[in-house]
Amino acid sequence: MVKVEFLGPIQKDALELEITNLNQLAKILQEDKELQEWLLNSAVAVNDTLVSSLDHPLQSGDKVSLLPPVCGG
Amino acid sequence: MLELYNGALDVAEILKRWYEEEAQSNYGAYIPFVGTVRSEDGIDGLSFDIYEPILNSWFDAWQEKAAKKGAVIKMAHSRGDVMLHESSYIAAVFSPKRRVALELIDEFVEDFKASAPIWKYDLIDGKRVYAKDRSTAIQGSGILGEKV
């Protein structure tokens, strides 16, 4: 199982999914209308490292985080 | 050194302590930046969420970059609510010569704004309202929205 968590202002509980790459995750999350805007503007981290490609493989126990636009300070 | 606090920062204590920590380190320059919550648009204050694992790795990468120039960076930030005229953010650079510190504090604070995983909310009538218009998408954002 891969854990998917939504950070900051994205009001959504974490998910546990049987997936093996980010392409599959994109397909699943794109079906959720409330997430559409967040998918377009959020960065993605796997096990707390930012990734830049959907080809990234996932293994059971991995954690995927969605990071929406930031504004510290 | 990265310090996170619940609520507003004690600016005087932090600046004094950082000064004393490095007073004998032979740095010629200590350049702090203090961010203060301003009264605007009817807000009562600001509130912050932080994702610490990625904030820590982002900060560590900056500390390495600073070390190559003989400098050190310190940063403090608030979690939760910070009211008007209080401080939520302090960054400082210590370096042997002023030019390195002046340039680093500028680059560091700009990258902090664009990359540090911290989310800001306006406090309005007791509610937290995400500061969407002032927020910046982290570089590389949007891959999950691509057509698959």
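No value in this document is a laboratory result; all are computed from the given coordinates. Source: prediction; values computed, not measured. All Cβ positions, even for glycine, are placed from backbone atoms using ideal geometry, and neighbour counts span all protein chains on display.
Computed quantities for the displayed model
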{"read-out": "Matching residues, the range B:1-42, being assigned to a strand (DSSP E or B) and either under 19 Å from B:ILE105 (Cβ atoms) or free of Cβ contacts under 8 Å to residues at least 12 places away in the same chain (or both)", "value": "B:LEU2, B:GLU3, B:LEU9, B:ALA29, B:TYR30, B:ILE31, B:PRO32, B:PHE33, B:VAL34, B:GLY35, B:THR36"}
{"read-out": "Condition met for B:ILE50 (within 30 Å of B:ASP122 (Cβ to Cβ), β-branched (Val, Ile, Thr) and away from chain A (no Cβ under 12 Å))", "value": "no"}
{"read-out": "Hits in the range A:15-34 - residues which are exposed (fewer than 13 other Cβ atoms within 10 Å of the Cβ) and not in a helix (DSSP H, G or I)", "value": "A:GLU16, A:GLU18, A:GLU31, A:ASP32"}
{"read-out": "Selection from the range B:19-44 of residues that are within 23 Å of B:GLY80 (Cα to Cα) and not hydroxyl-bearing (Ser, Thr, Tyr)", "value": "B:PRO32, B:PHE33, B:VAL34, B:GLY35, B:VAL37, B:ARG38, B:GLU40, B:ASP41, B:GLY42, B:ILE43, B:ASP44"}
{"read-out": "Identity of the residue in the range A:49-64, within 11 Å of the chain's Cα centre (by Cα) and within 7 Å of chain B (Cβ to nearest Cβ), that ends up farthest from B:LEU55 (Cα to Cα)", "value": "A:LEU54"}
{"read-out": "Residues within the range A:35-68 that are surrounded by fewer than 16 Cβ atoms within 10 Å (Cβ to Cβ) and under 17 Å from B:LYS147 (Cα atoms), tallied", "value": "6"}
{"read-out": "Search result, residues across the range B:43-67 that are crowded, with 18+ Cβ neighbours inside 10 Å and assigned to a strand (DSSP E or B)", "value": "B:GLY45, B:LEU46, B:SER47, B:PHE48, B:ILE50"}
